[in-house]
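Trainee: Structure below; questions to follow.
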Amino acid sequence: MTGESCIFCKIANKEIASRIVFEDDEALAFQDINPQAPVHVVVISKRHIEKLTDLKESDAALAGKLILVCRDIAKTENCEGSGYRVVINTNRDAGQSVFHLHAHLLGGRRFVWPPG
Ligand code: AMP
Ligand code: ZN
């Protein structure tokens, strides 16, 4: 899928509305439309990258940025102390459904391990 037809690119370009919780030049975070926990925020790179596998060495700062945004949102969404999970589903077996790199920040309830 190209960036043009990608739903997360459309969200980043404000062509599709979302409930934004954080934004800067490189990253955008918004409420998941189908939340799997009381806190469920999707953190994306504004640049279209299909998946984790496609990250390059030169993307190291961007990758770190996405993790730090998750860290900050865990604090503002009040699940820093109770606990939270950051998930990057990649390809079929992990259930990736939107092929634009994103991290899920999940919190507000207890999660099981191993994941289902
Ligand atoms: P994944 O299955 O890891 O690719 O995650 C994609 C996530 O994007 C799912 O949790 C969806 O609920 C979420 N999602 C899809 N479309 C939208 C949208 N328009 N606004 C907010 N979240 C969305
Ligand atoms: Zn995209």
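The values are calculated or read from the model by the stated rules, or taken from the named source; none is laboratory data. Everything quoted here is computed from the prediction, not taken from an experiment. Because the Cβ atoms are built from the backbone with ideal geometry, glycine has one as well, and the counts that use them run over all protein chains shown. Only protein heavy atoms, including side chains, enter the accessible area calculation; ligands, DNA and RNA are left aside. Shrake-Rupley method; radii C 1.70, N 1.55, O 1.52, S 1.80 Å.
Trainee: If I compute solvent accessible area with a 1.4 Å probe over the protein chains, what percent of it on the chain is carbon and sulfur?
Mentor: The nonpolar share, carbon plus sulfur, comes to 52 percent.
Trainee: While we're here: Going by the alpha-carbon gyration tensor, a ≥ b ≥ c the square roots of its eigenvalues, is the stretch 7-107 rounded (a/c under 1.5) or, if a/c is not under 1.5, prolate (a/b greater than b/c) versus oblate?
Mentor: In terms of gyration-tensor shape, rounded.
Trainee: OK, next. Pick out, in residue order, every one of the GluC sites (Glu not before Pro) in the stretch 31-116 that is DSSP loop and has at most 11 other C-beta atoms within 10 Å; say none if there are none.
Mentor: Nothing satisfies the criteria.
Trainee: Using a 1.4 angstrom probe, figure out how much accessible area the chain has per residue, in square angstrom, rounded to the nearest whole.
Mentor: Roughly 62 Å² per residue, with all protein chains present.
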